[in-house]
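Since the structure comes first, as structure tokens, the remarks are kept for the end.
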Amino acid sequence: MIYAQLGTDKYVLRLESGDDILQSVRQFASAKRLSAGLLEGIGSLSKVKLGHYDFKTRKYSYETFEDDLEILSLSGNIATMNREPLSHVHVTLGRRDFSVIGGHMDEGSSANMVEIGVWKLPGRLVKAKDDQIGLNVLQLARRI
């Protein structure tokens with residue numbers, strides 16, 4: 001992974017062949033001490049593990065796809081959980097036949113070449129397990 005810093009709170013990462021997307025973002029966030037951020041990206045994956053959460057069973061189901069997959073949209077956030085960086089990414093991918101797949105990106109998703117913009121936010125975002133829905137969610141203080 002290589003990167004450029006654009007101003008005090010904006011970065012662009014370039015992940016290269018074989019780089020794990022979530023691991024790379026987590027490594028970058030740790031190195032730069034990012035405890036709150038937003039992500040968006042483009043590029044191509046050689047492998048992706050996608051998840052879909054079922055609110056009835058409170059479990060993820062996963063499927064792995066190994067193919068040249070074009071990233072149509074990659075978005076997410078960086079928070080902390082147990083004082084460690086945690087990235088949460090969703091992705092929409094185009095296949096060679098122009099069909100589209102997407103979902104929650106999991107560990108083990110590998111880049112052909114991926115470019116990700118990272119916007120550092122002031123303050124800290126913290127995630128914790130919400131027992132009602134069974135997911136790790138942002139812990140926010142205000143309600144409207």
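Readers should treat all values here as calculations from the given coordinates under stated rules, not as data from a laboratory. All values derive from a computational prediction rather than experimental measurement. Heads up, the Cβs are rebuilt from the backbone with ideal geometry, glycines too, and the neighbour counts pull from every protein chain shown.
Magnitude of the charge dipole for the stretch 71-144, about its Cα centre and with charges confined to Cβ atoms of Lys, Arg (+1) and Asp, Glu (-1), is about 340 debye. With Cα atoms defining each centre, the stretch 16-32 and the stretch 40-72 are spaced 17 Å apart in the structure.
Taking GluC sites (Glu not before Pro) across the stretch 37-112, the ones in a DSSP loop with at most 16 further Cβ atoms lying within 10 angstrom of their Cβ are Glu107.
Straight-line cross-link partners of Lys59 among the lysines, defined as a Cα under 17 Å from its Cα and at least 8 positions apart when in the same chain: Lys49, Lys129. Over the residues of the chain, the helix contribution to mean residue ellipticity at 222 nm works out to -2500 deg cm²/dmol, using -39500 (n - 2.57) for each DSSP H run of at least 4.
Where the only charges are on Cβ atoms (+1 Lys, Arg; -1 Asp, Glu), what is the dipole of the stretch 1-119 about its Cα centre, to the nearest 20 debye? Don't jump to the answer; show the numbers that get you there.
On the way: 13 positive and 16 negative charges, 101 e Å.
Taking the Cα centre of the stretch 1-119 as origin, the dipole is about 480 debye.
Between the listed residues Leu140, Ser73, Ile42, the Cα displaced farthest toward the positive end of the dipole of the chain, a dipole computed from Cβ unit charges relative to the Cα centre, is found at Leu140.
Placing a pseudo-label 7 Å from each Cα along the Cα-to-Cβ vector at Glu63 and Lys32 gives an inter-label distance of 3.4 nm. Across the chain, the relative contact order, built from alpha-carbon pairs under 8 Å that are at least six residues apart, equals 32 percent.
Out of every Cα pair in the stretch 4-132, what percent are spaced more than 24 Å from each other? Across the stretch 4-132, Cα pairs with separations above 24 Å total 29 percent.
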